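This report refers to the structure that appears directly beneath it.
Every number in this text was worked out from the coordinates using simple rules, so none of it is lab data. What you are looking at is a predicted structure, and each value in this text was computed from that prediction instead of being measured. A quick note on method: Cβ atoms are made from the backbone with ideal geometry, for glycine too, and the neighbour counts reach across all protein chains shown.
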Amino acid sequence: MSIKTFELISTTENGVELISYVALPEGASEDNPVAGIMVAPEWWGVVEHPKATTEKLAKAGYAAVAMDVYGEGKLTADAAMANMWMTQVLEDQEMLMDRCRLILNDFSDQLAVNGDKLGAIGFCFGGKIVLDMAREAMPLKAVATFHGTLAPKQAADKNFKAKVLVAHGRDDSMVSMDDVEDFKKEMDAVDVDYTIDVYDNAKHGFTNPNADERAAKNDIDLGYNENAAKQSWDNMMDFMKTNLG
């Protein structure tokens, strides 16, 4: 399926430009709006991996947007820089959620996007972002995370309406199995419909083909696992089809 891509610029109240990346299926239009999926990148920003992910989603028939939560289209391959940017936005999580809401609104306002059928997927830091968007009761029907950070901005309450799919690597040294248990308790407390898939021999970052290179360059415990990446992607696509159509 051929697709079209463009930058979606959302301007915050204090004038910061969020330069997100949108991919649409060729047939999507005002007369034929399609379900939309938000993509929250890893801490590197809107680099090649999230862009490729939005394009892959568009080829599968979804409208998709890789969210620029840092603003100004900032991206990096340096873990220290990524960590600094991530820490900065996490210091003001209200601002972070305001930015996500702004991008969601601008994306769902696109005539080719069916604003009643929105989902979100997040990788690592982005996993926390999409779960927090659901915790904030943004209009998402389905949220999926890949090696996502599960710790909440604030614990889920009855306003959490999204279905959840978590793809977690058993060998993830950044998000432990204890963190997964805590997440289950949080979801169970408010009856969220969730599924957690744990992949053997999978480390943090297991879906990113650049993970090994980044790990070596930055001395951090990341690793790509082709089998886990493929299986978790296929499971996510089934999950979105079930919940978004």
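Per the helix-only calculation at 222 nm, which mean residue ellipticity applies to the chain, given -39500 (n - 2.57) for every DSSP H run of n ≥ 4 and division by its residues, nearest 500 deg cm²/dmol? Each step should come with its number before you reach the end.
Details: 7 runs with 91 residues, N = 245.
Result for the chain, helices only: -12000 deg cm²/dmol.
So what is the diffusion coefficient of the chain in µm² per second by Stokes-Einstein at 25 °C and 0.890 mPa s, using a Kirkwood Rh over Cα pairs? Working shown, then result.
On the way: Rh = 17.7 Å.
The Stokes-Einstein estimate is 139 µm²/s.
Hull surface divided by four, with the convex hull built on the Cα atoms of region 109-245: how many nm²?
Working: hull surface 34.5 nm².
Dividing the Cα hull surface by four gives the mean projection, 8.6 nm².
Excluding residue 102 itself, calculate the net charge of residues whose Cβ lies under 12 Å from the Cβ of residue 102, where each Lys or Arg counts +1 and each Asp or Glu counts -1. The partial results should precede the final answer.
Details: positive: 99, 101; negative: 13, 17, 68, 98, 106, 109.
Charge balance in the 12 Å sphere: -4.
So for the pair residue 83, residue 230, with labels modelled 7 Å out along Cα→Cβ, what separation do we get in nm?
3.4 nm
What shape does region 8-68 have by the C-alpha gyration tensor, where a ≥ b ≥ c are the square roots of the eigenvalues, rounded means a/c under 1.5, and otherwise prolate means a/b greater than b/c and oblate the rest?
Note, shape of region 8-68 comes out oblate.
Return the loop-located GluC sites (Glu not before Pro) in region 38-110 (DSSP other than H, G, I, E, B) with at most 16 other Cβ atoms within 10 Å of their own Cβ; answer none if there are none.
Numbers: sites: 42, 48, 55, 72, 91, 94; in loops: 42, 72, 91.
Within region 38-110, the qualifying GluC sites (Glu not before Pro) (loop, at most 16 other Cβ atoms within 10 Å) are 72, 91.
Once you list every other residue whose beta carbon is under 10 Å from the beta carbon of residue 78, what net charge do they have if Lys and Arg are +1 and Asp and Glu are -1? Don't jump to the answer; show the numbers that get you there.
On the way: positive: 214, 217; negative: none.
Result for the neighbourhood of residue 78: +2.
Using +1 at the Cβ of each Lys and Arg and -1 at the Cβ of each Asp and Glu in the chain, identify which of 24, 174, 210 lies farthest towards the dipole's positive end.
Highest projection toward the positive end goes to 24.
Looking at the chain as a GNM with Cα springs under 10 Å, which of 120, 40, 216 has the largest mean-square fluctuation?
Between 120, 40, 216, it is 216 that shows the largest mean-square fluctuation.
Work out how much length residue 1 to residue 16 would gain on full extension: take 0.36 nm times their residue separation and subtract the Cα-Cα distance, in nm to one decimal. Don't skip to the end; give the middle numbers.
Details: separation 15, 0.36 × 15 = 5.40 nm, distance 3.42 nm.
Stretched fully, the residue 1-residue 16 segment lengthens by 2.0 nm.
What full-extension length gain, to one decimal in nm, is calculated for residue 48 and residue 72 as 0.36 nm per residue of separation minus the Cα-Cα distance?
Working: separation 24, 0.36 × 24 = 8.64 nm, distance 1.62 nm.
Residue separation times 0.36 nm, minus the Cα-Cα distance, leaves 7.0 nm.
Less than 13 Å apart at the alpha-carbon level, and either on another chain or at least 8 residues along: which aspartates and glutamates does that give for residue 217?
By straight Cα distance, residue 217 reaches 78.
From the backbone phi of region 194-209, what are the Karplus-calculated ³J(HN,Hα) couplings (6.51 cos²θ - 1.76 cosθ + 1.60, θ = phi - 60°) in whole Hz, Gly and Pro given as x?
Ordered by residue, 3J(HN,Hα) equals 9, 10, 10, 9, 10, 9, 5, 6, 10, 9, 4, x, 5, 8, 9, x Hz.
So between residue 90 and residue 219, what do we pick up on full extension, going 0.36 nm a residue minus the alpha carbon distance?
Values: separation 129, 0.36 × 129 = 46.44 nm, distance 2.28 nm.
Once the chain is fully extended between residue 90 and residue 219, it gains 44.2 nm.
Rounded to the nearest 5, what % of DSSP beta bridges with both residues in the chain are antiparallel?
On the way: 13 of 41 bridges.
About 30 percent, rounded to the nearest 5.
Please find, in a Gaussian network model of the chain (springs between Cα atoms separated by less than 10 Å), the residue of 51, 185, 203 whose mean-square fluctuation is greatest.
185
For the chain, set up a Gaussian network in which alpha carbons nearer than 10 Å are linked by springs, and say which option among 106, 200, 219 fluctuates the most.
219
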